[in-house]
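Values quoted throughout were computed directly from the atomic coordinates according to the rules given, and no laboratory measurement underlies them. A quick note: this is a predicted structure, and the numbers were derived from the prediction, not measured. As a convention, Cβ positions derive from the backbone with ideal geometry for all residues, glycine included, and neighbour counts pool all protein chains shown.
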Amino acid sequence: MVTFFYDRLQQILRKADFDAFAEKLCKPFYSDKGRPSIPPGRYFRMHLVGYFEGIDSEGGIEWRCADSL
């Protein structure tokens, strides 16, 4: 059931071209120095997983995404 939910959410975000939208909004805040960040669309998806699964820390979200997604 959870897999269906995330698959459907992924379809909706792709159809709406969410990654390009997030990239455009975040681009003014990028730095020329330092290590590249996680793509904004992926970062937002990771936080959605945390929200929907009741994970309240970035470390917990990171572990969940690395473990299962």
- line: Of ARG35, ARG45, ARG14, the most mobile residue in a GNM of the chain (C-alpha springs, cutoff 10 Å) is ARG35
message: Of the listed values [x] 65; [y] 75; [z] 70, identify the label whose number matches percent of Cα pairs over 14 Å apart calculated from this model.
response: [x]
query: Okay, helix-only estimate at 222 nm for the chain: each DSSP H run of n ≥ 4 adds -39500 (n - 2.57), divide by all residues, round to 500 deg cm²/dmol; what do you get?
result: -21000 deg cm²/dmol
- request: Would you mind working out the magnitude of the charge dipole of the chain relative to its Cα centre, with +1 at each Lys and Arg C-beta and -1 at each Asp and Glu C-beta, to the nearest 20 Debye?
  value: 280
task: Return LYS24, LYS33 ranked ascending by Cβ neighbour count within 10 Å, so the fewest neighbours appear first.
output: LYS33, LYS24
